[in-house]
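So the structure is just underneath, and the comments pick up after that.
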Amino acid sequence: MAGCGDGGRGDADAVAAEVVGHFLRSSRHAIFIEGIDASGKTRFARRVVASLRKAGKRARLVKADYFLIDRDKRIRNGASSWRSYLNSWFDFRRMREEILVPFFSNQDVKKEILVYSEARGKVDRPHRVSVARNDVLVVEGVFLSNSLLKKFPAYRVVMHVPFRISLERQVRREPRTRKISGPEAAFRWENWHLPAQKRYMARHKPESIADVVIDNSDYHSPCIAKMGGDALKRDLKVGGQIRA
């Protein structure tokens, strides 16, 4: 593996394939992909799903954004603050109970759930979840190492980008996806997203517990900055040896 320090940037699909190969050598059944806003989680998650399917695995993608709460409720909870973004925007308890607990209990998860609709700002869009117990569950989103989700034995990937690049991407993206102006996107990032992410990272240390950290400063040429967490090493241990 060529690390970032070795000039090891490469094709994004190839990096996803390397991550999948590493995952398949473990005993895990789920991959959690997290990172700060605009770090490229969704793009990379799709590449991981495609690579898993190419390897002959059935993979299913679940997004944390499915579990955003109603916009009106966020406003009542004080939406325009970093505390609200960190603690009150996502219903991680519902994600845990509806998807993660059954899946990690070796059950098929086949149900229709209601997910968040960006167009209406409400949790009212029916979505069919179909994850068999032998599938690979891929979850992507922010804050996936929070106290409700941290103990699930998932293979954990963190998409790392500098805050400056996150801001630049947000300012470009938000006018398209949420119909807000660039200056408004910058204000929200600086006053809501950035303080929330800094506090989350200081408290939960997602990169320190990750099995893989990917420097995704360049969407098209990411690199693997870290591979091989302590938990994964235990998974790979056979007869006192780590499989190469």
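To check you understand DSSP bridge types, tell me what percent of the beta bridges within region 4-233 (both residues inside) are antiparallel, rounded to 5.
Antiparallel: roughly 40 percent of the beta bridges in region 4-233.
Among 181, 80, 105, which one shows the biggest mean-square fluctuation in a GNM of the chain, springs joining Cα atoms closer than 10 Å?
Between 181, 80, 105, it is 105 that shows the largest mean-square fluctuation.
Please report, in Å, the Rg and the Dmax of region 4-233, where both are computed over Cα atoms only.
So, for region 4-233, Rg and Dmax equal 17.2, 49 Å respectively.
Give the angle, between 0 and 90 degrees and rounded to the nearest 10, that separates the Cα long axis of helix 41-54 from the longest principal axis of the Cα atoms of the chain.
40 degrees
Among 62, 129, which comes first, second and so on when ranked by fewest other beta-carbon atoms within 10 Å?
129, 62
Expressed as an acute angle from 0 to 90° and rounded to the nearest 10, what is the orientation of the C-alpha long axis of helix 194-204 relative to the principal long axis of the chain?
40 degrees
Give 151/198; 73/179; 57/122; 54/110; 73/151 a once-over and call out the pairs whose C-alpha atoms are over 30 Å from each other.
57/122, as the Cα separations exceed 30 Å there.
Setting aside same-chain residues fewer than 8 positions from residue 226, which lysines have a Cα under 20 Å from its Cα?
41, 150, 205, 237
With axes computed from alpha carbons, what is the tilt in degrees of helix 163-177 against the longest principal axis of the chain, rounded to the nearest 10 within 0 to 90?
Taking Cα atoms only, the helix is inclined about 60 degrees.
Values quoted throughout were computed directly from the atomic coordinates according to the rules given, and no laboratory measurement underlies them. Please read these numbers as outputs of a predicted model, since none were measured by experiment. For neighbour counting, all protein chains shown are included, and Cβ atoms are generated from backbone atoms with ideal geometry for every residue, glycine included.
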